[in-house]
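K.L.:
Let me give you the structure first, and then I'll get to my questions.
Just so you know, all these numbers are worked out from the coordinates, no wet-lab data involved. For clarity, every value in this text was computed on a predicted model and none was experimentally measured. Counting neighbours? That spans all protein chains shown, and the Cβs are built from the backbone with ideal geometry, glycine included.
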Amino acid sequence: MTFVRRQLPALLLAALLVAACGDTRPTPSPSAPPPSGPVGTPAPTERPFALVAWPASGSACAIKGYRGLLGRIEATGPRTVRFTLCELDGAFPARLAHPSLGILDAAEAERIEHDPAAAHGAQGAGTFRIDAWSGDNVQLARVAGGAPAATAGATAGATPAATPGAASSSASVASAGNGSPAASGAAAGPVPTIVLRWVADAAARTAALQGADVDGIDAPAAADLDTISTIPELAILPRPGLATAYLGFGTGFQLGKVSVRRAFGQGVDRAALAGDALAPGAVAADYLAPCEVLGGCRGAAWYDFNGPAGSAALDDAAFDRKTAIPLHVPDAAVPGLDDPGALGAAVAAQLADSLGIKVKVDPMPAADLAAAVAAKRIDGLYVASVTSPLADASGYLDPLFGDGATSLTKARAPGVTKALHDAAPVTDPAARAAALGKANDALRSAVPLVPLAHPGAVTAWRADVAGAVVSPVGADPLGAFIPADRSQVVAMGVAAPGASWCGTTTALDALRLCALVTPGLYGFDGASLRPVPALVASCAPGDDARVWTCRLRPARFAGGAGLDAGDVVASFRAIGDAGSPLRAALPADAFTAWDGLFGAPVPATP
C-alpha cells in the first residue's frame, strides 16, 4: 500500500493494487485457554530502568538508501521518550494513535519477537485485560486505572466530536433514524465486562442480533439490511472506509489538458457509483482523503456531476469520440477495491452515457498496472485506489504527490506537492487542516485524477445500547457503551482476532481487541480519528516538528510491571527493526501498518 512521503516505490505500487431482557447470554469459560496457548495474567517482569536507544549507533536517517521516516528512539529517562524523525512531521501523534503501535512490557515484546504466536493473548496496559479466551469468544475484564485508549470522548448517548476539518459519518445508536431511544433504565456506569464473539456466516450474525444474543454485529448480509432497518429495536451504523478509489489519467487522448481531465470528472456520477458498483457502506468521494481524517474534507469539494458541461468542454477541445479509449483496471481485488472490474464497467458506462465517449475496459494484472502507472507508460484511463493507516490527509496525498511519487499525478499537480511541503511542519490541528485544505484545492484545480468513492462497511446494533459508535479502523470504544440494564457488552465480528497485540496485523477484528488491551502512546477519540493521549501525558514537538519528546503517564501492565520508556523502545524495535527476529519469521505483509506509517523498516545496524 502507499502511504507516506518517504515511501518506498514498492509500497507505492502496492497501494495502486490497492436488546435483550436480562443478562442471560453465554460467556466464555474462565478456564478455557486460547488455541495458541494459555491466556492469563503474566508474572511481573519488572526490570530496572536503563538508558537505551534504537538504533544504538545514531540516527538511521544517515543510512544510505533508507527512505523511512523514523530515525531514532531514545529512552532518556524512566518516563521520557525522544523520537527523532528524518523529516518534519506535524502528523506524528496521528501515527502513534494507530492500534498497531501498542506498547508492551519489554520482556513481553522480546518474547513475541522470538515466538510470534505469543502475540495471541498478549496483555498490555489498557482499560481491559483478557480474562478468558475460548474457541469462539474472548472475555475482557475492566482494569482500574487502565489507559483510556479508544474511549475518550465516546460518552454515553453522545457522538464524539469530529476531527477538525472532518465530518464524521458515524452516529450514536440512540439518535439513529430507525432506532428507539436508549432505555431509561441503563446502567449508571461503564460495564465491567466485554465479550467479543465471531462467526463467519453473515446470516448467523444477523440471527444472533435479532435474537438478542449479542448487542452488535459487523457486516450483516446486504440482503438482511432492509429487514434490520424495519425493526425498531435495531439500528444500522455505517463503518466509514479509509480507502479511496479514483480514476487516473495516463498518456494520449489529449489527457495532458486540464480541461479534458475536468470534463471526464464532470461526466462521472460518483454517488451512483458508490450506490450501485460498490458494497453497502460506500460513499461518494468529494476529496481524495476520507472526511474522517484530519484535513480530509477541507477546501472546495469536487466538481458536481454535470454531463452537459463536460461534453461541451470536450467539444471545445475537439476531443476524438470515435476512437475507443482504454480503461485499465486490476484483474483481481486490491486494497480498497474488492471488485475493480465492476467499478471499471460502471465508470465506462457512465462516460459513454454522459459524454458519448467510447471506453474499453482492459483488465490487467494488478502488479503490471501499478508498474505501468509508476513508470508513466500507461495510456488512456485507469482505476486505482489509495489507502493509509495514517489518520491525516497527507497519508493519501503524499503517495501520489509527495517526494517519493513518480507517476503523472505528481507531474501534473505541482501545487499539491508545494502545499504538502508547507503543511509538513504544522502541528496545530486547526492550522494543519487549513494547510491540507490548500493541497486539496490544488488537486481540484489541476485534476490529475478524479476521486470516485470511499468503500465502507455496515454494522448493526441493538438500539438500547447508549453511546454506541463505530470506528473506521475497528477500534470501537466498547468500554463506553451502556447496554440498557445489562452488565456486559457483547459484540460479534466476522473472524477470530489473530492477536491481542497488533504489531503484525491490520485485521479489523484484531484491532478492536488490541485497542482495548494493548494501547499505544496515543489512541483515537472514540469513533473519531482525532489522536488523544493514552499512555503518554503529552508529546511535544521541537522547533521544527522533527524531534518529538513524549512524557509517559504512570501506568502498569496487566502482569504488574510498571511502564517505562524502555518498554516503548522495545515495542517499536520489535516490529520496526529490519533485523529483528520477528521480521525474519513473518512475511513482509505482516508489517503493512508499520511500513505504511513510517515508510520502511529501520535498517539493521551492528
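K.L.:
When only Cα pairs under 8 Å and 6 or more residues apart are kept, what is the percent relative contact order across region 243-454?
P.N.:
Relative contact order here is 35 percent.
K.L.:
Among the lysines, which have Cα under 16 Å from the Cα of residue 360 when same-chain residues fewer than 8 positions away are ignored?
P.N.:
322
K.L.:
Based on the alpha-carbon gyration tensor of region 243-454, what equivalent-ellipsoid semi-axes (square roots of 5 times the eigenvalues) come out, in whole Å, largest first?
P.N.:
On the way: eigenvalues 135, 67, 57 Å².
Each semi-axis is √(5λ); the values are 26, 18, 17 Å.
K.L.:
What net charge do the residues around residue 535 carry, taking every other residue with its C-beta under 10 Å from that of residue 535, with Lys and Arg at +1 and Asp and Glu at -1?
P.N.:
That sum, taken over residues with Cβ under 10 Å, equals 0.
K.L.:
Here's another thing I want to ask about it. Quick one: Cα centre-to-centre distance for region 188-211 and region 374-433, in angstrom?
P.N.:
If we compute the Cα centre of each part, the gap is 39 Å.
K.L.:
Quick check on region 375-482: what are the equivalent-ellipsoid semi-axes from the Cα gyration tensor, as sqrt(5λ), descending, whole Å? Could you put the intermediate results ahead of the total?
P.N.:
Numbers: eigenvalues 223, 73, 24 Å².
Semi-axis lengths for region 375-482 are 33, 19, 11 Å.
K.L.:
Which of the lysines could be linked to residue 418 by a straight reach, that is with a Cα gap under 29 Å, when you skip same-chain ones fewer than 8 residues away?
P.N.:
The reachable lysines, counting only those whose Cα sits under 29 Å from residue 418, are 64, 257, 376, 410, 438.
K.L.:
What is the antiparallel percent of DSSP beta bridges lying wholly in region 243-454, to the nearest 5?
P.N.:
Restricted to region 243-454, the bridges split so that about 60 percent are antiparallel.
K.L.:
While we're here: Sorted from largest to smallest, which semi-axis lengths in Å does the alpha carbon gyration tensor of region 501-606 give for its equivalent ellipsoid, taking the root of 5 times each eigenvalue?
P.N.:
Values for region 501-606, descending: 22, 19, 16 Å.
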